[in-house]
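Data block below; observations after.
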Number of protein chains: 2
Amino acid sequence: MTNYKNFPMVPRVIFGPGCFDQLGEILLPKRIHSEAPFIFLVDDVFEGSPLVSRIPLMFNDQIIFISADEEPKTDQVDVLVEKIKFQYGALPSGIIGIGGGTLLDLAKAVAIMLANPGKAYEYQGWDLVKKPSIYHVGIPTISGTGAEVSRTTVLLGPEKKLGINSDFTTFDQVLLDPELTKGVPKEQWFYTGMDCYIHCIESLNGTFLNAFSQSYGEKALDLCKEVYLEELQEGDARDKLMMASWHGGMSIAYSQVGVAHAMSYGLSYLLGVRHGVGNCLVFQHLEEFYPEGVALFNAMKDRHHIVLPEGICKNLTEDDFDIMIKVALSLEPLWENALGKEWRKQITPDKLRSIYQMI
Amino acid sequence: MTNYKNFPMVPRVIFGPGCFDQLGEILLPKRIHSEAPFIFLVDDVFEGSPLVSRIPLMFNDQIIFISADEEPKTDQVDVLVEKIKFQYGALPSGIIGIGGGTLLDLAKAVAIMLANPGKAYEYQGWDLVKKPSIYHVGIPTISGTGAEVSRTTVLLGPEKKLGINSDFTTFDQVLLDPELTKGVPKEQWFYTGMDCYIHCIESLNGTFLNAFSQSYGEKALDLCKEVYLEELQEGDARDKLMMASWHGGMSIAYSQVGVAHAMSYGLSYLLGVRHGVGNCLVFQHLEEFYPEGVALFNAMKDRHHIVLPEGICKNLTEDDFDIMIKVALSLEPLWENALGKEWRKQITPDKLRSIYQMI
């Protein structure tokens, strides 16, 4: 008998341009008591910006600014958890992540680790979290990662880049305010949006696909095409890309990603390449696996005059390649989704090396 | 400032042909203790069917068969709640609705009323429920109503047909097993599917539309077109109609229905016309409001050789018309969604009478 996943959805979502101003009323009933603060983890690009003054601070609430220049790390989570535990006698009322995938993933991981013993890296994998995380809210300020809706938080650990995949990872509340994505630089807008696009291609072409995942993936793909290939009003494009990210996240939640994500994880692990651009760097060379998807990707890239970095892997040693290949191959569910149970017949270390060498 | 809805989503969903067999493992951790039963409200068409033997009964769990021949009523909810309270000392562990919109709506309403004082009709309206309902699970056996995902339970009360719209109405768990829809008779398959189709048309053409609702509505509409206008494999069609219902329900959840639903409520209230067919009876005469939607509806109707009943309102008295018109006009959010804040300039009792007279 097939064993289907009983999937946790975000139980509360608010959508609308300007809805960030409703955050205060949303948090109020979730405040445990006046000594249990809300901790806002905020991308440090917003330091000093008008957005920060709109964060509804009360009592001993705290904003912690965090750089998203690097991928989120397990020890970074551990440090944040220690800091919060040390500073307050009791558990916080909740963690609010405001930013892109990095900040959202950190917020999820911190909310888990405040309620579970040990170190974050011990929970990288599938369903290793035993206790419910504390209340946590996701507020994306860039669209594409799907982190706002997924049941994972992808972290660089001492041994691997891998998600903490669990039912307790999913946010308790998501606030989708497309206006928060207004100032995103063009390259980042493209790379992060392509994260969503690549999710869709990998999900729709995967062996794990079912009608649930397909319907979300198709919608996200349609929206990506609208945003990146048609002439939309700016506000309309922001709204639609935010919904694309949402549906794309739902699609992979009930299926899985594939070749680009597996190999991109290797790049991130070794070189710290950011997830969005890493996906693009790999995906451009995957015609063999996703011919139509890569053709459309190239059309979008050209339309927006995006020039991908080159020579990333030029000076790497054999050991470096081996590390990336090992990380990529360890992501077995991704390969099985992409190519079926017999994926090892197609995918060898040499095959992966030849792709990495083109990057 | 716009005040956006902070929308409750179903926090757990399982999808897959045959996933009904996982119901036992899903319910087990939700069992409060051995004296607190699960109550299964099941459409009586399944009495004696193989499905019933697959219901995972334990301890003092109980199946209550209920006819879906009539629309669900507030006093029916009150009787069920009394019966359950009388029979068991403590509250049940949960209520599981298995059937179409009627059974799903009854399950939601019973779960609410087991935790709230008074009579069900006192809660018809928006946000009148104060206490969280008990754990409740929705298992649709026909696709289209969107009741599995909505935050309302639409009931015929002593004075009106109106939903109990509340954050506590939404199911805690939904199980989507397309195989459960296998034996649905063709006419019912059509009328209930058209409930979804009409949701989409009303949502997509409404003034309350936003990008969130639009993305779900467009996907549901695409799926309806596939199911009713293309040649699909049977299993594929079942899967897709179940997802259409889901997305259609999400779409209206974040916007609203319109003219067809408002007028159909009048028909149901006075004549007990079932919701699905009532929608179709009204919608066919709404070219003025939804020209493209009605044209496509006619195409689907013809393709499946569906003949709508005629002369339903032929022998009604003036008083009868007045009652239907009063019920329809009372649904102000539906009219405002359909036609904007100035809807009263377009919609008069005479206007509605002229449409009802064609049915």
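Applying the criteria of a DSSP loop state and at most 16 other Cβ atoms within 10 Å to the GluC sites (Glu not before Pro) of the range B:2-75 yields B:Glu35, B:Glu47, B:Glu70.
Using the Cα gyration tensor of the protein assembly as shown, with a ≥ b ≥ c the square roots of its eigenvalues, what is the shape: rounded (a/c below 1.5), prolate (a/b larger than b/c) or oblate (neither)? Here the protein assembly as shown falls in the prolate category. Once backbone amide H atoms are built at 1.01 Å from N, A:Gly163 has A:Gly125, A:Leu155 as its partners under 5 Å, excluding neighbours fewer than 5 places away on the same chain.
Determine the dipole magnitude for the range A:12-181: charges of +1 sit on the beta-carbon of Lys and Arg, -1 on that of Asp and Glu, nothing else is charged, the reference point is the Cα centre, and the result goes in debye to the nearest 20.
Using only the charged Cβ atoms, the result is roughly 520 debye.
Between A and B, roughly 3400 Å² of accessible area is buried in total, ligands, DNA and RNA not counted and the probe set to 1.4 Å.
Computed from the Cβ-Cβ distance with R0 of 25 Å, the FRET efficiency linking A:Lys131 to B:Asp21 stands at 0.30.
Here the extension length gained between B:Asp167 and B:Leu91 equals 25.3 nm, from 0.36 nm per residue of separation less the Cα-Cα distance. Distances between copies of B:Glu47, taken at a point 7 Å out from Cα along the Cα→Cβ vector and listed shortest first: 7.1 nm. Taking a ≥ b ≥ c as the square roots of the eigenvalues of the alpha carbon gyration tensor, the range A:186-357 is oblate, as a/c is not under 1.5 and a/b does not beat b/c.
Comment: the Cα-to-Cβ extended label point of B:His305, at 7 Å, lies 6.1 nm from its counterparts in the other copies, nearest first.
What shape does the range B:1-145 take by its C-alpha gyration tensor, where a ≥ b ≥ c are the square roots of the eigenvalues and a/c under 1.5 counts as rounded, a/b above b/c as prolate, and the rest as oblate?
It is rounded, given that a/c, with a ≥ b ≥ c, falls under 1.5.
Applying a DSSP loop filter and a limit of 16 other Cβ atoms within 10 Å to the trypsin sites (Lys or Arg not before Pro) in the range B:286-359 leaves B:Lys314, B:Lys341.
For the protein assembly as shown, with all protein chains present and a 1.4 Å probe, just round the carbon and sulfur fraction of the accessible area to a whole percent.
The nonpolar share, carbon plus sulfur, comes to 52 percent.
Using a cut-off of 26 Å between Cα atoms, the listed pairs A:Lys5/A:Lys351; A:Lys30/A:Lys219; B:Lys30/B:Lys85; A:Lys131/B:Lys5 include A:Lys5/A:Lys351; A:Lys30/A:Lys219; A:Lys131/B:Lys5 as exceeding that distance. Checking every one of the GluC sites (Glu not before Pro) in the range A:220-263 against DSSP loop status and a limit of 11 other Cβ atoms within 10 Å picks out A:Glu230, A:Glu231. Here is how far apart the B:Asp75 label points are across copies: 7.2 nm, shortest first, using a point 7 Å from Cα toward Cβ. Interface burial in the range A:213-260, defined as at least 30 Å² less accessible area with all protein chains than with the chain alone at a 1.4 Å probe, covers A:Ser215, A:Tyr216, A:Glu218, A:Lys219, A:Lys240, A:Met243, A:Trp246, A:His247, A:Tyr254. A simple spin-label model places the labels of A:Ser53 and B:Lys314 7.1 nm from each other, with each point 7 Å out along Cα-to-Cβ. Note that the range A:217-227 has calculated 3J(HN,Hα) couplings of x, 5, 5, 4, 5, 4, 5, 4, 4, 4, 5 Hz, one per residue in order, obtained from phi through the Karplus relation 6.51 cos²θ - 1.76 cosθ + 1.60 (θ = phi - 60°); glycine and proline are x. Remark: chain A carries 38 Å² of accessible area per residue (probe radius 1.4 Å; ligands, DNA and RNA excluded). What are the residues of the range A:1-47 that lose 40 Å² or more of accessible area, with a 1.4 Å probe, going from their chain alone to all protein chains? Going by heavy-atom accessible area, the residues of the range A:1-47 that drop by at least 40 Å² are A:Met1, A:Tyr4, A:Asn6, A:Met9, A:Pro11, A:Arg12, A:Val13, A:Phe15, A:Gln22. Stretching A:Glu287 away from A:Leu232 to a fully extended chain increases their span by 16.9 nm, per 0.36 nm per residue minus the current alpha-carbon distance.
Over the residues of chain B, the helix contribution to mean residue ellipticity at 222 nm works out to -14000 deg cm²/dmol, using -39500 (n - 2.57) for each DSSP H run of at least 4.
The values are calculated or read from the model by the stated rules, or taken from the named source; none is laboratory data. Predicted model, so just to flag it, every value in this text is computed and none were measured. As a convention, Cβ positions derive from the backbone with ideal geometry for all residues, glycine included, and neighbour counts pool all protein chains shown. Please note that ligands, DNA and RNA were not included when accessible areas were found on the heavy atoms of the full protein model with its side chains. Shrake-Rupley method; radii C 1.70, N 1.55, O 1.52, S 1.80 Å.
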